[in-house]
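Below: one structure, written as structure tokens.
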Amino acid sequence: MATKNLPMREALRQALREEMQRDERVFIMGEEVGKWHGTHRVTQGLYEEFGARRVRDTPISEMAIAGAAVGAAMAGLRPVAELMTINFAFLSLDAMINHAAKIHYMFNGQFTVPLVYRAATGWGNQATATHSHMPEPIFAHFPGMYVGVPSNAYDAKGMLKAAIRDENPVLFTETIALYPKPSPVPDEEYVLPIGKADIKRQGGDVTIVTYARGVEWSLQAADMLAKEGVEVEIVDMRWLRPLDMEPVFESFKKTNRCVVVEESLPMFSFGSEIAAQLQEAAFDYMDAPIKRVSAMDVPLPYAAEIELMALPNAQKIVDAVRGVL
Amino acid sequence: MAEPIMMPNLGAGMEEGTLINWLKQVGDTVSDGDVIAEVDADKATVEVPVEISGTILSLEGEPGATLKVGSVIGYVGQAGENAPAGEAKPAASSPPPPTPAEQPAAQGNGAASAQKSGNGAPPAAQTAAPKEPAEAEADGDSDYPAGVKASPVARKIAQDKGIDLSRVQGTGPGGRIVKADVENYKPAAAPAPAAAQAGAPGAIPAPSYGPLPSGPDVEVIETSKLRSRIAARMTESKQQIPHFYVTTEIDVEAMLALRKQLNEGLDDAQKISVNDMVIKATALTLRQFPNLNSHYYGDQTVRHKRIHIGIAVALPQGGLINVVAKDADKVSLGTLAVTNKEMIARVIEGKLKPDDISGSTFTVSNMGMYDVEHFIAVINPPEAGILAIGSAMKVPVVKPDGTVGVGNHMKVTISVDHRVSDGAEGAKYLQAFKKLIETPMQLLL
């Protein structure tokens, strides 16, 4: 199968374009998504191709964007609403959690809410404490909405297409640092199933469970550890909900050791969830305590050096893996 | 919280050491890496470092006591904190014999520990005090399920295989029994061949040559720990390993010339010895022959990806010890020379570090300095081979033009474990080794 190396932003753009071509009910809305081509240039060219009706610039109101998307989805359209960055999603929590995630249940299945909330996410580049969140676990907390967290261009495209086609509301977050990173993307169309994790590297010594940018750091750590003869297996969860634990259990039963890597905060986190599920399901396979590598439990500092210290990196992962060996 | 100080691994196969001296006292502050004790291991005096920081709360054992590898030899915690009483030893089945039991009976914790660890097994050292159920609630290691600190998977495997965890030595953090400990566990009671026990000094049955001679004409000398160890290892090697030997003769003129050139202007601490060059050549050649850098374990052979060369060093007081040149194929000849010199100096001073003598994957024995033409060496198990290096000697050689001249030759013999390799490989190894010595610039690459 022929492939092209594409940066993640371009793979996402392909996904949006293909889905808009396939289904005329699909439309994009958000701040600066049209004439400005999107803050992160994901929607570049779509306004010109599909017009202002299907690529709608909105006022600066996340509550309005999120709420209008719910209404449009209930009325039969398939909105892809961009929240620019996940930091602004806090303004629209009521629409997202009380409406989008609950309406199917509250109305006894009379309505579905087939929408996608897209948002850029991630830490770094001195965006300061209020613009440096990875709060995906908060959204994964609530039943009723799926949460997709791709780690590379290939996954991002296939996952976004699946999200747009699904009848359930999906929060789809895209790590800013991964937008320019290329990976091979097939020329032919493909869709990756919702809620399916992926083994990004095989190894028998320690299982690393992670997602999004954690995959990149974990792969770097794996190379460093391989030089010491330590082979780690990396499970990329891809989706925080539905959470595909089977490959994690399977890997853990082989390695008996686990390090969870998350770019987000450690309290009540992805890492806590994985560790809890592992000990419940695979207690008798555990040979060492499960370790977590997370961002530090602080508002992210502004100074560049201290900011980096507060974030996970490959060396911290290597140290954690050594700690469970 | 008090953390146990574990007796570290002292090097290949050594299971215990005799405490010479505590270098720190209870109440002293230590940080990770500080040396707290000197221990007489089977082969040399070894410094014991701590791997935790804090205040020493307790130290177990008087000088002369036997400390088992992996056992708790003390506790480190915060100043003013109490050491866990009862100092439960992970190896409950083998308490150190020399010191009389010191646990204060009033604490009763030793008894509680023994009781809980029992699980059907007889307690190791029963103290006289009758036990009350409440004592089982006392603090200490005995709070672990079934009285042992073990990972869940280790417990599961032990249960499935019917292994009594109280008899398994834990090598995980804080002495935790981990999966590998249970998987590698062999019941001591099984009638094993002598070699299986070779780790323990004196495990080789003493030869019976009739009653021990006595009288004014003889002097009876106690066999030292080191001698017992060598006796055990070498008997194991010769009884179990089918050795074969290949010898070659190597022109060392070019190597000696290169060495002279390299050492020009270097001070003594940096000078490169013939032995350093031989070690380097041995290691580089092993890269091409990974099979000879492997260890034989019956159904499996473990191929080592790193090349650590054991260097047999004669001790001033008699006996022999292997120091280990780590990654000898990778480090530069200059670094190798300095490191080797430092290690050998530590051998002479009796100040070896555990790391100096552990991890060799192949060994070189060089007797070049003793004016020997050639000799054959006994393999150091579980290694697959050993090189024996003779002296460089002036010999008559027939030159390419047919005339006779003087050459400088050295004989080298490789001993190889025939279970791992065959004659042709041994010969090819020597061929490559010879080529490297005779065109020695490659040692500098």
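The values are calculated or read from the model by the stated rules, or taken from the named source; none is laboratory data. In this text, all values refer to a predicted model and were calculated from it rather than measured experimentally. Note that we place each Cβ from the backbone using ideal geometry, even for glycine, and neighbour counts take in every protein chain shown.
Miscellaneous remarks
- Scanning the stretch A:37-54 for residues that are of a type in the set (Ser, Thr, Tyr) and assigned to a loop (DSSP other than H, G, I, E, B) yields A:Thr39, A:Thr43.
- Qualifying residue in the stretch B:43-51 (condition: of a type in the set (Val, Ile, Thr), in a loop (DSSP other than H, G, I, E, B), crowded, with 18+ Cβ neighbours inside 10 Å and under 24 Å from the mean Cα position of the chain (by Cα)): yes
- In the stretch A:119-139, the residues that are touching a residue at least 24 places away in the same chain (Cβ under 8 Å) reach residues that are charged (D, E, K, R) and buried (at least 22 other Cβ atoms within 10 Å of the Cβ) with C-beta atoms within less than 6 angstrom, at least six apart or across chains, in these pairs: A:Ala120/A:Glu174; A:Met134/A:Glu263.
- So A:Ile317, is it within 21 Å of A:Ile194 (Cα to Cα) and not in a loop (DSSP other than H, G, I, E, B): no
- Within the stretch A:96-123, the residues that satisfy the criterion of being part of a helix (DSSP H, G or I) and under 20 Å from the mean Cα position of the chain (by Cα) are A:Met96, A:Ile97, A:Ala100.
- Set A:Leu178, A:Leu219, A:Leu192: member being in contact with a helix residue (DSSP H, G or I) (Cβ under 9 Å, 6 or more places away or on another chain) and in the same structural domain as A:Glu136 (by TED's automatic domain parsing): A:Leu178
- Residue list for the stretch A:276-305, restricted to those being under 23 Å from A:Ser218 (Cα atoms), away from chain B (no Cβ under 12 Å) and either touching a Cys at 6+ places or on another chain (Cβ under 6 Å) or of a type in the set (A, V, I, L, M) (or both): A:Ala276, A:Val293, A:Ala295, A:Met296, A:Val298, A:Leu300, A:Ala304
- Restricting B:Val420, B:Val338, B:Val412 to residues that are within 27 Å of the chain's Cα centre (by Cα) and under 26 Å from B:Pro8 (Cβ atoms) narrows the list to B:Val338.
- Only one of the listed residues (B:Leu256, B:Leu284, B:Leu266, B:Leu262) is without any contact (Cβ under 8 Å) to a residue 24 or more places away in the chain and among the hydrophobic types (A, V, I, L, M, F, W, C). That residue is B:Leu266.
- Hits in the stretch B:149-169 - residues which are within 10 Å of chain A (Cβ to nearest Cβ) and of a type outside the set (A, V, I, L, M): B:Ser151, B:Pro152, B:Arg155, B:Lys156, B:Gln159, B:Asp160
- Check on B:Thr413, polar (S, T, N, Q) and modelled with pLDDT of 95 or more: yes
- Condition met for A:Val70 (of a type in the set (Val, Ile, Thr), assigned to a strand (DSSP E or B) and surrounded by 18 or more Cβ atoms within 10 Å (Cβ to Cβ)): no
- Out of B:Val404, B:Val397, one residue alone is assigned by TED's automatic domain parsing to the domain that holds B:Leu292, surrounded by fewer than 21 Cβ atoms within 10 Å (Cβ to Cβ) and touching a Pro at 6+ places or on another chain (Cβ under 9 Å). It is B:Val404.
- Check on A:Asp236, over 30 Å from B:Asp181 (Cα atoms) and not β-branched (Val, Ile, Thr): yes
- When restricted to residues that are under 16 Å from A:Ala120 (Cα atoms) and assigned to a strand (DSSP E or B), the stretch A:1-31 contains 4.
- Test result for A:Met84, closer than 23 Å to A:His131 by Cβ and in contact with a strand residue (DSSP E or B) (Cβ under 9 Å, 6 or more places away or on another chain): yes
- When the stretch B:305-326 is filtered for residues that are on the phi > 0 side of the Ramachandran plot and crowded, with 16+ Cβ neighbours inside 10 Å, only B:Gly319 remains.
Yes or no, residue by residue, for (1) crowded, with 17+ Cβ neighbours inside 10 Å; (2) modelled with pLDDT of 85 or more; (3) touching an Asp or Glu at 6+ places or on another chain (Cβ under 6 Å):
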{"site": "B:Asp139", "(1), (2), (3)": "no, no, no"}
{"site": "B:Lys156", "(1), (2), (3)": "yes, yes, yes"}
{"site": "B:Arg167", "(1), (2), (3)": "yes, yes, no"}
{"site": "B:Pro211", "(1), (2), (3)": "no, no, no"}
{"site": "B:Lys225", "(1), (2), (3)": "yes, no, yes"}
{"site": "B:Ala232", "(1), (2), (3)": "yes, yes, no"}
{"site": "B:Ser237", "(1), (2), (3)": "yes, yes, no"}
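- Given (1) surrounded by 18 or more Cβ atoms within 10 Å (Cβ to Cβ); (2) part of a loop (DSSP other than H, G, I, E, B); (3) in contact (Cβ under 8 Å) with a residue 40 or more places away in the chain, index of the condition A:Gly34 fails: (3)
- Residue in the stretch A:273-285 that is in a loop (DSSP other than H, G, I, E, B), crowded, with 18+ Cβ neighbours inside 10 Å and touching a residue at least 24 places away in the same chain (Cβ under 8 Å) present: no
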